[in-house]
Amino acid sequence: MTSSNLTRGGAGTGTVYLVGAGPGDPDLLTLRAARLLMNALLIVHDGLVDPAVLAMAPAGARFISVAKSRARHTLRQHEINALLVREALAGHDVVRLKGGDPFVFGRGGEEVEACRAAGVPVEVVPGISAAMAAGAAAQIPLTHRDSASVVSFVAGQCKGLTEQNWAGLAGVGRTLVIYMGVATSDMIAEKLMADGLAPDMPLAVIENAGRPEMRVLRGPLAGLGTLVADNAVKSPALIVVGEVTARDDVALTQIAEMAA
Ligand code: SAH
């Protein structure tokens, strides 16, 4: 299973490569992802995958978008699974590109299970997840010896938000990274404060991390909903809760104290 022997149809079953496309900048692909992409004949991709990444595929590659679109019927997950299996059983190698990392809120696990159940060889290539991309681009360390020794990733979409138990994931010495939380930011702030977080716990909202149009907004937990609404924050964005988001303030205070 090397990137150089990708096949188009023919005898045998193809392989499904579940590839993390990272945050968008092609420089942030792994070499393995880049090699697979540059040899791909069939690419199945999500909406989050940046056009600059797709542009690395060879001329003549076939693209199938399973992105959400108002203009046409959106494929449901089981239909995507069936598509991958069908193409592989027809003998085609499939490069299945997903934003960030396939196994971080990417439903990669479901696609791997579907392939395995159908006897289709599947390989997973990790990608830089939005949390890592956002941390690097905004220079917010997710852990820091003075500020956080725990980091957690959670999904903030409305479905099931109230049933999710986040107790203990955020607070002093801990960083909480919330994916898909923009639409429910009001509820998220309330949920965290109900769990005992201080209203003035610092946070950052990072929109379009790692892209030229990136915005980094900061404020206290209690003001999260207002911060998102006043700045018309749009998806994709992450909410990072914890002292690591206020390291600049700490550093500036220390410098001011030393100068005094
Ligand atoms: N598998 C992806 C996550 C998919 S879920 C990964 O590992 O990154 C989609 C959510 O990811 C978005 O709602 C947003 O919260 C986050 N996200 C993806 N790309 C982002 C970006 N460039 N900037 C900020 N958040 C991003």
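The values are calculated or read from the model by the stated rules, or taken from the named source; none is laboratory data. Only a predicted model underlies this, so the values are computations on that prediction, with no experimental measurement involved. Virtual Cβ from ideal backbone geometry, glycine too; neighbours counted across all protein chains shown. Surface accessibility is based on the protein's heavy atoms, side chains included, excluding ligands, DNA and RNA. Shrake-Rupley method; radii C 1.70, N 1.55, O 1.52, S 1.80 Å.
Surface listing: 169, 31 arranged by accessible area from highest to lowest gives 31, 169, probe 1.4 Å. Accessible surface area normalised per residue over the chain is 50 Å², counting heavy atoms of protein chains with a 1.4 Å rolling probe.
Charging the Cβ of each Asp and Glu at -1 and of each Lys and Arg at +1, and nothing else, the dipole of the chain about its Cα centre rounds to 940 debye. Which one, 40, 132, 182, is farthest towards the positive end of the dipole of the chain when Lys and Arg carry +1 and Asp and Glu -1 on their Cβ? With unit charges placed on the Cβ atoms, the residue in question is 40. With viscosity 1.002 mPa s and temperature 20 °C, the Kirkwood radius over alpha carbon pairs of region 3-125 converts through Stokes-Einstein to a diffusion coefficient of 151 µm²/s. The convex hull of the Cα atoms of region 147-197, projected and averaged over all directions, covers 3.2 nm². With the whole protein complex present, residue 200 retains an accessible surface near 110 Å², based on a 1.4 Å probe. Spin-label pair residue 77-residue 146: with each label point 7 Å from Cα along the Cα-Cβ axis, the two points sit 4.2 nm from one another.
With N denoting the number of residues in the chain, provide Rg(C-alpha) divided by 2.2 N^0.38 Å, to two decimal places.
Here the Cα radius of gyration is 1.13 times the empirical estimate.
Explain nothing, just the number: relative contact order of the chain, from Cα pairs under 8 Å at least 6 residues apart, as a whole percent. Relative contact order comes out at 19 percent.
Most tightly packed first, judged by the mean number of other beta-carbon atoms within 10 Å of their residues, the peptides 184-195, 127-138, 98-109 read 127-138, 98-109, 184-195. Pairs of Cα atoms nearer than 8 Å and 6+ residues apart set the relative contact order; for region 38-164 it is 21 percent.
Compared with the direct C-alpha span, the chain from residue 214 to residue 230 gains 4.1 nm at full extension, assuming 0.36 nm per residue. For region 130-259, a Kirkwood hydrodynamic radius built from all Cα pairs, placed in the Stokes-Einstein relation at 37 °C and 0.692 mPa s, yields a translational diffusion coefficient of 224 µm²/s. Bridges between two residues of the chain, per DSSP, are antiparallel at a rate of about 45%. Accessible surface ranking for 79, 207, 1.4 angstrom probe, highest first: 79, 207. Note on region 130-259: with neighbouring protein chains present and a 1.4 Å probe, carbon and sulfur make up 56 percent of its accessible heavy-atom surface. Take the convex hull of the alpha carbons in region 63-122; its mean projected area over all directions comes to 4.4 nm². Ordering 235, 81, 19 by Cα displacement along the dipole of the chain toward the positive end leaves 81 in first place; charges were set at the Cβ atoms of Lys, Arg (+1) and Asp, Glu (-1).
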